[in-house]
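The values are calculated or read from the model by the stated rules, or taken from the named source; none is laboratory data. Remember, predicted model here, so these are calculated numbers, not experimental data. Neighbour counts run over all protein chains shown; Cβ positions are idealised from the backbone, glycine included.
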Amino acid sequence: MRAAGVTEFGGPEALHLVDVPDEPLGPGEVRLRVAAAAVNPTDTHARAGAYAERDPVKQPPWVPGMDAAGVVVEVGDGVDHVAPGDTVMAIVVPSGAHGGYREDLVLPGDSVVHAPAGTDAVAASTLPMNGLTARLALDLMALRPGQVLAVTGAAGAFGGYVVQLAKADGLTVVADASEADEALVRELGADVVVRRGDDVADRIREHFPEGVDGLADGSVQDALVLSAVKDGGAVATVRGYRGDGSRDLRMFPTRVHRAAQDRAALDRLRQQAEDGVLTLRVAETFPVEKAAEAHRKLERGGVRGRLVLTF
């Protein structure tokens, strides 16, 4: 079975086609033939070995990928929400050769839902991981309608979904953007857009002098942006940052694996995509044989929308 993976951790050149064995199907599981797998920054970190110590599988190959979409091949006992032949999307928690960049994949049934109607597998593959991370971040902060949320990295996949989901939740959103991305971020629904940069906290305070109620820090600015948040406010981070302890902020490191089998949340994202609440943004596709090229492009920066591998 073909996959794009690494046998030694390293740069993009380490990523190449590998042969992986079929995964057995058990009760409550779904086997899908993968048609598309989105490429995310976490995949590049995995390829470089950033998560190797916590991966229980210590032997190569290691296959990255947290998003997949394709067609159901078979289902295990107890699965009745999808059936063979259905077009689906799924979130993947990678370990060893089990990752989204493989053409045949077995997953917990609750990690798999129908793809949004009217979308193809490429577009559908861009939603699960970032959409669930955005949803989890908002749920952890638990802001009330009418409160103010700041979003950094608003033009990115996580940040863009946070903006759209926050607006659907009734929040006021202030988001950062470069001059080139300002129109995009406004189109996503931000009420106020400030210029991105190391002084973004000051720019946010110009509009909300008392500070914002919550912050979703998609651009990983960490301590640089905390001053935008009022005392007692909530902060959702995406790479484990827990704050510096100097202020009374409620810190929520957002780890999407906690929501990887929240089928109701994933299916709600499907419905919101169908309803036009969420925008599925594809920047470019690459055949799986060119996975290394996709990683190089992502690491150069400036990608708006997702890069997607196709099988």
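Criterion first (modelled with pLDDT under 95 and either within 28 Å of residue 259 (Cα to Cα) or not hydrophobic (A, V, I, L, M, F, W, C) (or both)) does residue 229 satisfy it? Criteria not met by residue 229. Just one of the listed residues (47, 102, 31, 54) is of a type in the set (Lys, Arg) and loosely packed, with under 14 Cβ neighbours inside 10 Å, namely 54.
A quick yes/no check of all residues on (1) modelled with pLDDT under 95; (2) more than 29 Å from residue 3 (Cβ to Cβ); (3) touching a Ser or Thr at 6+ places or on another chain (Cβ under 8 Å); (4) among the basic types (Lys, Arg):
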| residue | (1), (2), (3), (4) |
| --- | --- |
| 217 | no, yes, yes, no |
| 220 | yes, no, yes, no |
| 246 | yes, yes, no, no |
| 257 | yes, no, no, no |
| 269 | no, no, no, no |
| 286 | no, no, yes, no |
| 297 | no, no, no, yes |
| 302 | yes, no, no, no |
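One residue alone among 14, 38, 50 is within 27 Å of residue 71 (Cβ to Cβ) and hydrophobic (A, V, I, L, M, F, W, C), and that residue is 38. The set of residues from segment 256-307 being within 26 Å of residue 28 (Cα to Cα) and of a type in the set (S, T, N, Q) comprises 261, 271, 272.
Scanning segment 265-285 for residues that are free of Cβ contacts under 8 Å to residues at least 60 places away in the same chain and touching a strand residue (DSSP E or B) at 6+ places or on another chain (Cβ under 9 Å) yields 283, 284. Within segment 129-149, none of the residues are out of contact with any helix residue (DSSP H, G or I) (no Cβ under 7 Å at 6 or more places or on another chain), among the β-branched types (Val, Ile, Thr), assigned by TED's automatic domain parsing to the domain that holds residue 37 and crowded, with 24+ Cβ neighbours inside 10 Å. Residues satisfying the criterion are present in segment 198-219 (criterion: under 20 Å from the mean Cα position of the chain (by Cα) and more than 20 Å from residue 142 (Cβ to Cβ)). Inspect all residues belonging to segment 158-179 and state whether any of them is more than 21 Å from residue 267 (Cβ to Cβ), surrounded by fewer than 24 Cβ atoms within 10 Å (Cβ to Cβ) and acidic (Asp, Glu). Yes; the residues of segment 158-179 include at least one that is more than 21 Å from residue 267 (Cβ to Cβ), surrounded by fewer than 24 Cβ atoms within 10 Å (Cβ to Cβ) and acidic (Asp, Glu).
Take residue 89 and decide whether it is buried (at least 24 other Cβ atoms within 10 Å of the Cβ) and either modelled with pLDDT under 95 or farther than 24 Å from residue 292 by Cβ (or both). Judged against the criteria, residue 89 is a match. When 90, 83 are checked against the criterion of being closer than 26 Å to residue 238 by Cα and of a type outside the set (Ser, Thr, Tyr), a single residue qualifies: 90.
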